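Novice: Below you'll find the structure I mean.
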Amino acid sequence: MVPKTAALASGPLRYLEAGSGRPILLLHAFPLAADQWQPQLLSPPPGWRLVAPDLRGFGGSPTLGRPADASMDRYAVDVFELMTHLDIGEAAVAGLSMGGYVALAMLAADAGRITGLVLADTRATADTEEARGGRDRMIALVNRDGSSGVAEQMLPKLLGETSARQQPNLALIVQRMIEGNGPAGIEAALHAMRDRPDRSLLLPTITCPTVVICGTDDRVTPPGECKALSQSIPGAVFLAIDGAAHLSNLEQPEAFSAGMKLAM
Ligand code: MLT
């Protein structure tokens, strides 16, 4: 799949695209990139156009400005700009983990442009004090050891035991994806995640079809928390995926894609 680059007013943004028809934006996790969505992009559901951007500072989308100025709202503006650039007025949005934080920022900014929502392995609440301390420690880590230090720390939390057994190559693929990101983009995302607002009050106002997906072995955003998230959204469907941990779309692509279609 040939990556494309959109020359946005805010700066170049790389994205992957597959299929044609109704659009769905696929927003990746921290600290990955659009390639996280390869399983879905390789087999787009008939009638759907899948667009997966590298969020600012990840993959082939260059970092702009100071890392401390990054925010979920800023990533959301980039995605809306990309939609406009591609002549996409409205779209469904699927966000996994940090991608879910961006999806919620998009909803807060302009819910009228969002026709369906997939929130996977994510949460609406802000970071706790303990989590904020963890972000600061990871900022120090990425500045000291670069993205490979972050990969080493994150990898054991992202993939589950079933993946290790059934897809032994997946850990290396994810490690390479993380190591392909520059430290500045990773640092920027850590600032943005640490300082992101609580979006809980937004949940009862969501009116588009919504699916909340979670790997049953997810220890970062556990199933109980994802289920509670779904229960705050009117009419939302909750789907727990066996054999997946935090990166459910990569670990169990078929089950994930089947769930994703419920919001499309
Ligand atoms: C992610 O997968 O995007 C991150 O684990 C999210 C987070 O650290 O809050």
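Novice: Quick check, is residue 210 under 28 Å from residue 49 (Cβ atoms) and over 18 Å from the mean Cα position of the chain (by Cα)? Spell out the reasoning first.
Specialist: Details: under 28 Å from residue 49 (Cβ atoms): yes; over 18 Å from the mean Cα position of the chain (by Cα): no.
The answer is no for residue 210.
Novice: Identify the single condition in (1) within 14 Å of the ligand (Cβ to nearest atom); (2) in contact (Cβ under 8 Å) with a residue 40 or more places away in the chain; (3) within 26 Å of residue 64 (Cβ to Cβ); (4) more than 17 Å from the chain's Cα centre (by Cα) that residue 141 does not satisfy, given that it satisfies every other one.
Specialist: Every condition holds for residue 141 apart from (2).
Novice: To continue, here is another question. Of the residues 39, 62, which single one is touching a Pro at 6+ places or on another chain (Cβ under 8 Å), surrounded by fewer than 18 Cβ atoms within 10 Å (Cβ to Cβ) and under 20 Å from residue 184 (Cα atoms)? Don't jump to the end; show me each part of the working.
Specialist: Working: 39 fails: under 20 Å from residue 184 (Cα atoms).
When all the criteria are applied, what remains is 62.
Novice: Sticking with this structure for a sec: For segment 58-105, what are the residues that are more than 16 Å from the ligand (Cβ to nearest atom) and β-branched (Val, Ile, Thr)?
Specialist: The answer is 63, 77, 84, 88.
Novice: While we're looking at this one, here's another question. Given the condition of a type in the set (Phe, Trp, Tyr), without any contact (Cβ under 8 Å) to a residue 40 or more places away in the chain and either outside any loop (DSSP other than H, G, I, E, B) or within 18 Å of residue 55 (Cα to Cα) (or both), answer yes or no: does some residue in segment 98-106 qualify?
Specialist: Our first condition is that a residue be of a type in the set (Phe, Trp, Tyr); within segment 98-106, this holds for 101.
Subset that is without any contact (Cβ under 8 Å) to a residue 40 or more places away in the chain: none.
No, segment 98-106 has no match at all.
Novice: Among the residues of segment 246-261, are any within 15 Å of the ligand (Cβ to nearest atom) and assigned to a loop (DSSP other than H, G, I, E, B)?
Specialist: The first filter runs over segment 246-261 and keeps only residues within 15 Å of the ligand (Cβ to nearest atom), leaving 246-251, 256.
Filter again for assigned to a loop (DSSP other than H, G, I, E, B), leaving 246-247.
Among the residues of segment 246-261, at least one is within 15 Å of the ligand (Cβ to nearest atom) and assigned to a loop (DSSP other than H, G, I, E, B), which makes the answer yes.
Novice: Right, here's the next one. Could you identify the single residue in 184, 140 that is out of contact with any helix residue (DSSP H, G or I) (no Cβ under 9 Å at 6 or more places or on another chain) and farther than 18 Å from residue 96 by Cα? I'd like the intermediate steps shown before the answer.
Specialist: Values: 184 fails: out of contact with any helix residue (DSSP H, G or I) (no Cβ under 9 Å at 6 or more places or on another chain).
Of the residues listed, the single one that is out of contact with any helix residue (DSSP H, G or I) (no Cβ under 9 Å at 6 or more places or on another chain) and farther than 18 Å from residue 96 by Cα is 140.
Novice: Which residue pairs have Cβ atoms under 6 Å apart, sit 6 or more places apart or on different chains, and have a first residue in segment 1-19 that is more than 13 Å from residue 60 (Cβ to Cβ) and a second that is β-branched (Val, Ile, Thr) and surrounded by 15 or more Cβ atoms within 10 Å (Cβ to Cβ)?
Specialist: From segment 1-19, the pairs are 17/51.
Novice: Please find, within segment 154-172, the residue that is farthest from the chain's Cα centre (by Cα) out of those that are surrounded by 14 or more Cβ atoms within 10 Å (Cβ to Cβ) and under 20 Å from residue 192 (Cβ atoms).
Specialist: Among those residues, the one meeting the criterion is 154.
Novice: State which residue is nearest to residue 68 (Cα to Cα) when the search covers only segment 116-138 and only residues that are surrounded by fewer than 21 Cβ atoms within 10 Å (Cβ to Cβ) and acidic (Asp, Glu).
Specialist: 136
Novice: For residue 131, are the conditions met, namely being touching a residue at least 40 places away in the same chain (Cβ under 8 Å), part of a helix (DSSP H, G or I), more than 14 Å from the ligand (Cβ to nearest atom) and small (Gly, Ala, Ser)? Give the steps one after another, and end with the answer.
Specialist: On the way: touching a residue at least 40 places away in the same chain (Cβ under 8 Å): yes; part of a helix (DSSP H, G or I): yes; more than 14 Å from the ligand (Cβ to nearest atom): no; small (Gly, Ala, Ser): yes.
No.
The numbers here are math on the coordinates, done by the rules we state, and not lab data. As the structure is a prediction and not an experimental result, all values here were calculated from the model. Methodologically, a virtual Cβ is constructed for each residue, glycine included, from the backbone with ideal geometry; neighbour enumeration extends over all protein chains shown.
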